[in-house]
Each structure stands twice: as structure tokens, then as C-alpha cells.
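Chemist: Here you go, one structure.
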Ligand SMILES: C[S@@+](CC[C@H](N)C(=O)[O-])C[C@H]1O[C@@H](n2cnc3c(N)ncnc32)[C@H](O)[C@@H]1O
């Protein structure tokens, strides 16, 4: 086969794979009870139930008055936070646009931008009790690259939490399996009384995501 024939063949196969994968995604969405429940409950994402489940287990939102939501879009976690602790002040950030949520200050910017931490700190106007991050880097399909990019986000989120949490505060972050490598765990153990992992039932079994929950911030 000629070079251009081979290229065309590869393009056709890639397009076919993409279309098969979007059909699978659509099928999964249609059959997913959490997607149906989110629609019924008015939540913008099925991810809302991950926070609800982890909150039931770890009491993350109990007594929180200032909450930071890193990777807020489309807004499910902040909706849950506002519903369960209506008096709490919530500040969120995302690369993507997020439809407004009453009582929530939202920044559309990259959390890795030098200006982002200051913008969040100023909007909060004080230390927070809960820093939660559901951020995940866009995957490129190369395991090590994906792992490193997501770890970069988690580490930046952890440092933000260390600098902005009140004593006793909580840090919750999404990590990829094997993602809480020793450096991150050591950092969290140094600054928090307890560090645990959770895979809430709403997190798809096939997905490599986990959550790390660090509670009892020891203070700066
Ligand atoms: C799984 S979604 C969050 C879902 C959200 N917890 C909810 O319940 O609706 C992850 C979000 O992280 C955001 N994100 C990824 N990298 C980011 C970055 N560097 N700065 C800000 N947001 C980021 C993505 O744009 C995406 O919207």
C-alpha cells in the first residue's frame, strides 16, 4: 500500500475507535443511575454523589464556613456544599466556564497560573476550613505523563491548602491510582493528623481515580 493509502487507513481506524468510544460513553451515561439521580436532584454532575458519599463517611463539610472548590466545573460539588452548609462561603476555580451558583464566587482561570492562589485568597478573605480538589489533567493516553500532570495539580493543591487552611481544616483531593506517591503522603502526614484514601461508590470501578483525605490540619 502507498504511504498516503496507509495514512488514510490509520485515520479511518482512529475515527472508528473514537466513534466507538463515544458510543460506549453515551451508553454508559444513559444506563448510569447516578446520572439519572443527578438530573432528578438538580445536580450538574454525577460527581456530586462522590462528595455526598465521602461527606457521609468523613464529615468533610460539618461546620465548614469557608470552602475552596478547585476544578469546580460544572459545579456539582459546590451545589452540594451550598445545600449541606448553606451559610458557608464557597470560592471555586476552573479552566472552564461554570454557570453561576448562588453564594459561590467563581474564577475562570488556570489554578497553576501564578495569580490564581492570590485571587482565591482575596475572595475568601480569611483562612478556610475545607480545600477540595476534583481537578484532573486532560489525559494524553501516556500513563506516566498523565500521572505526572495530575500529580503536579495535586501537589499545587496540597500546598495551597497548607497555606490557606485554618487549624483543624481538611484537604480532599482526587489522585490517580498509585498517585499519592511517597513525597505527597509525607507532606500531608507532616501537616495533618490523619491521611486516608477513599474510593466512593459513585466513582466508577474501572476508573483509576481515588481520593486522598487529610484531616486535622496542624496549623502553619
Ligand atoms: C471532574 S471535573 C470536576 C467536577 C466537579 N467536582 C463537579 O462536581 O461538578 C474536573 C475539573 O477540573 C478542571 N481542571 C483541570 N485542570 C485545571 C487547572 N489547571 N485549573 C483549573 N481547573 C482545572 C477541569 O476543567 C474540570 O472541569
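Chemist: Label-point separation (nm) for residue 83 and residue 181, each offset 7 Å from Cα along Cα-to-Cβ?
Modeler: Roughly 3.8 nm, to one decimal.
Chemist: Next question, about the same structure. Starting from the Cα of residue 11, step 7 Å along the direction of its Cβ; do the same at residue 114; then give the gap between the two resulting points in nm.
Modeler: Taking the simple label geometry, residue 11 and residue 114 are separated by 4.2 nm.
Chemist: Using only helices, what value at 222 nm comes out for the chain when you add -39,500 (n - 2.57) per DSSP H run of length 4 or more and divide by the total residues, to the nearest 500 deg cm²/dmol?
Modeler: -14500 deg cm²/dmol
Chemist: Would you mind computing Rg(Cα) / (2.2 N^0.38 Å) for segment 91-162, counting N as its residues?
Modeler: Computed over Cα atoms of segment 91-162, the ratio equals 1.18.
Chemist: Across bins of 10 angstrom width beginning at 0, how are the C-alpha pair distances of the chain distributed, in whole percent?
Modeler: 8, 31, 35, 16, 7, 3, 1
Chemist: Go from 0 up to the bin containing the longest alpha carbon distance in segment 145-220, width 5 Å each, and give me the % of pairs per bin.
Modeler: Bins of 5 Å from zero give 3, 16, 28, 24, 16, 9, 2, 0 percent of pairs.
Chemist: Output the antiparallel fraction of DSSP beta bridges having both residues in segment 63-220, as a percent to the nearest 5.
Modeler: Within segment 63-220, antiparallel bridges account for around 40 percent of the total.
Chemist: Given a cut-off of 16 Å, what percent of all Cα-Cα pairs of segment 30-99 lie beyond it?
Modeler: 48
FYI, it's all coordinate maths here, none of it is from the lab. Everything quoted here is computed from the prediction, not taken from an experiment. Methodologically, a virtual Cβ is constructed for each residue, glycine included, from the backbone with ideal geometry; neighbour enumeration extends over all protein chains shown.
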